[in-house]
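Report on the following structure.
No value in this document is a laboratory result; all are computed from the given coordinates. Only a predicted model underlies this, so the values are computations on that prediction, with no experimental measurement involved. When we count neighbours, we look across all protein chains shown, and the Cβ atoms used for this are built from the backbone with ideal geometry, even at glycine.
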Amino acid sequence: MKKSLLSLGHAIHGLTHAIKTERNLRLFVFGHLLLMLVALVARVDLFSILASTFVAGLFITVELLNTAIERLADTVDDCEKKRNAGHYHHGIKLTKDVGSAASLIMLTLYIGCIVLITVPYTLYFLLGQA
């Protein structure tokens, strides 16, 4: 039990560090919470709210993994620069780029989910008012 609590503490520390240091992650969380507030006011169905929150959780997970990869790559890159007279390893940039690509794909899926949810409500609002 003690090891589990220690692991939980490390996980919470990592999450709070990421939220404090990653501006895009903070913006995403704030934006999703705002969307969920609007969804509740607009009486969006529970399945749509759960689906968008699930996809948001997947995005946050990918973003956290990308942040971890970037931190590790930066650490390795700093060591390489010290050993190789200021030159970085080309693979470090590619590693960071691929991690960013994963975040971009997940963000695109999230936006697609939000669009699929909001289009029917928007059409109903626009056409139902006429």
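Over the Cα atoms of the chain, what radius of gyration and what Dmax do you get, in Å?
So, for the chain, Rg and Dmax equal 19.8, 70 Å respectively.
Do any trypsin sites (Lys or Arg not before Pro) in region 1-100 lie in a loop, going by DSSP, with at most 14 other beta-carbon atoms within 10 Å of their beta carbon, and if so which?
Details: sites: 2, 3, 20, 23, 26, 43, 71, 81, 82, 83, 93, 96; in loops: 43.
Answer in residue order: 43.
Between residue 61 and residue 8, what length comes free when the chain is fully extended (0.36 nm per residue of separation minus the Cα-Cα distance, one decimal in nm)? Each step should come with its number before you reach the end.
On the way: separation 53, 0.36 × 53 = 19.08 nm, distance 1.59 nm.
Here the answer is 17.5 nm.
Measure nothing but the geometry: give the 0 to 90° angle between the long axis through the Cα atoms of 2-21 and the longest principal axis through the Cα atoms of the chain, rounded to 10°.
Compared with the principal axis, the helix lies near 80 degrees.
At R0 = 30 Å, how high is the FRET efficiency between residue 93 and residue 29 if r is their beta carbon distance? Nearest 0.05 is fine. Spell out each step's value before the answer.
Values: r = 28 Å, r/R0 = 0.92.
The value I calculate is 0.60.
How high is the relative contact order of region 23-128, given as a whole-number percent (alpha carbon pairs under 8 Å, six or more residues apart)?
Details: 49 pairs, mean separation 33.4, N = 106.
In percent, rounded to a whole number, it is 31.
³J(HN,Hα) across region 48-64 via Karplus (A = 6.51, B = -1.76, C = 1.60, θ = phi - 60°), whole Hz, x for Gly/Pro?
After applying 6.51 cos²θ - 1.76 cosθ + 1.60, I find 5, 5, 5, 4, 5, 5, 4, 5, 4, x, 5, 4, 4, 4, 5, 5, 5 Hz.
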